[in-house]
Amino acid sequence: AVPVKKVTVAKEVVRLLGELGGGDAFQELLRLDAPGTHRDVRIALLRALWDHLERAETWVIFEKAVQDPDWIVASKLADIPLGRLSMDAEERVVTLLSKILARSEPEARQDLLNRMAHVPLADARRSLFKRLLDHMGTEAHEEAALAFFAVLQRMNSSEVDTVSRRLSELVKKRRHLLAFIPHLKGRLGPYASTMHRQVAQNLVHALKSDPLAVPQ
C-alpha cells in the first residue's frame with residue numbers, strides 16, 4: 001500500500017518484493033510492469049524477476065524489455081544471473097542478447113560486445129558463438145573487432161577452421177583486417193594456445209595471396 005509516485009520509493013518497493021518472493025509478491029511485480037514506468041524502476045523490476053526465471057511471465061517481460069525504446073533498459077538483460085540456468089533458459093538468454101546486438105543504437109551493441117567475451121554462458125548449442133561470428137561482418141569495424149575478440153575468447157579447439165574461414169571471408173575489408181590483427185596478436189606469444197596459433201597461421205596463409213596485405 002506504499003505510495004510509489006517517487007522513483008526512489010518505487011525502486012525500493014520493487015526490490016523488497018523481489019526479495020520477499022512468493023506468488024503474491026510475483027503478481028505484484030507483474031502489475032508494476034506498466035507503460036510509462038520510470039527507467040530506474042523498470043531496471044529494478046528486471047532485477048527483481050531474477051528469482052522467478054522458471055516462470056513464463058518473467059520471460060514475457062524480458063521480451064518486452066529487449067524492445068524497449070530506451071536501450072539502457074534493454075542492456076540490463078545482460079545482467080541476468082547465468083550460473084544455474086537450464087539449457088533451454090540459456091537459449092532464451094542467447095535469443096535476448098542476439099536481439100540486443102540487432103538494435104539500431106551503436107551504444108547498445110558496443111556495450112554488449114564489451115561484455116560478451118566473459119559472459120558465463122555455456123552456449124552448448126553454440127548459438128551465441130555463431131551470432132558473434134556473424135557480427136564480425138558488421139559495417140562498423142570497431143564493433144566487428146569487439147565481436148572477433150569475443151569469438152577468440154569463446155571458441156574451442158574444434159572451431160579453428162570455422163573462425164579461420166570467417167577471417168578469410170573478411171580480409172578484403174581492409175579496416176576490419178587492421179582492427180582484427182591486434183586482437184589476434186594479443187593471443188600469441190610463448191604461452192599462446194594451439195588453437196589461436198593455428199588461426200594466426202591460417203590468416204597468414206590467406207593473406208599471402210593478396211599483394212596489398214604484405215605489411216600485415
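The values are calculated or read from the model by the stated rules, or taken from the named source; none is laboratory data. Note that the coordinates shown come from a computational prediction; the quantities given were computed from them, not determined experimentally. Positions of Cβ are generated from backbone atoms using ideal geometry, with glycine treated the same way; all protein chains shown enter the neighbour counts. Each accessible area value is taken on the protein alone, full model and side chains, heavy atoms only, with ligands, DNA and RNA left out. Shrake-Rupley method; radii C 1.70, N 1.55, O 1.52, S 1.80 Å.
For the residue pairs Lys11/Lys99; Lys64/Lys130; Lys76/Lys99, the C-alpha atoms sit more than 19 angstrom apart in Lys11/Lys99; Lys64/Lys130. A Förster radius of 41 Å combined with the Cβ-Cβ distance from Asp79 to Asp161 puts the calculated FRET efficiency at roughly 0.75.
Shown here are the Rg and Dmax of the Cα trace of the stretch 68-120, at 10.9, 31 Å. Within a straight-line Cα-Cα reach of under 12 Å, Lys172 can be paired with the following aspartates and glutamates, leaving aside sequence neighbours fewer than 8 residues apart in one chain: Asp210. Positive end of the dipole of the chain (Cβ unit charges, origin at the Cα centre): among Phe149, Pro215, Ala122, the Cα lying farthest that way belongs to Pro215.
A simple spin-label model places pseudo-atoms 7 Å from Cα toward Cβ; at Arg197 and Val60 they are separated by 5.5 nm. Dipole magnitude of the chain about its Cα centre, charges +1 at Lys/Arg Cβ and -1 at Asp/Glu Cβ only, in debye to the nearest 20? My answer is approximately 740 debye.
On the stretch 112-216, 55 percent of the accessible area sits on carbon and sulfur atoms, based on a 1.4 Å probe.
Ranking of Lys172, Lys76 by solvent-accessible surface, largest first: Lys172, Lys76 (1.4 Å probe, protein heavy atoms only, all chains present). Computed extension gain for Leu188 through Leu16, at 0.36 nm per residue and net of the alpha carbon distance, reaches 57.1 nm. The residue list Ala25, Ala200, Ala74 was ranked by how far each Cα lies along the charge dipole of the chain toward its positive end, using unit charges on Cβ atoms, and Ala200 comes out on top.
To the nearest 20 Debye, how big is the dipole of the stretch 141-216 about its Cα centre, given +1 on the beta carbon of each Lys and Arg and -1 on that of each Asp and Glu?
The calculated dipole for the stretch 141-216 is roughly 140 debye.
Surface exposure of the stretch 49-124, expressed per residue as accessible area with a 1.4 Å probe, stands at 47 Å². Excluding same-chain neighbours fewer than eight residues apart, the lysines reachable from Lys173 by a Cα-Cα span under 18 Å are Lys208.
Each Lys and Arg Cβ is given +1 and each Asp and Glu Cβ -1; about its Cα centre, the stretch 1-121 then shows a dipole of about 300 debye. Of the solvent-accessible surface of the stretch 19-80, computed with a 1.4 Å probe over protein heavy atoms with every protein chain present, carbon and sulfur atoms account for 51 percent. A Förster distance of 30 Å, applied to the separation of the beta-carbon atoms of Lys208 and Asn114, puts the FRET efficiency at 0.35.
Dimensions of the chain based on its C-alpha atoms, expressed as ranges along the principal axes with the largest first, amount to 72, 30, 26 Å. With a 1.4 Å probe rolled over the protein heavy atoms of all chains, the accessible area of Met195, Met155 falls in the order Met195, Met155, largest first. Only helices enter the 222 nm calculation for the chain: every DSSP H run of n ≥ 4 contributes -39,500 (n - 2.57), and dividing by all residues gives -19000 deg cm²/dmol, rounded to 500.
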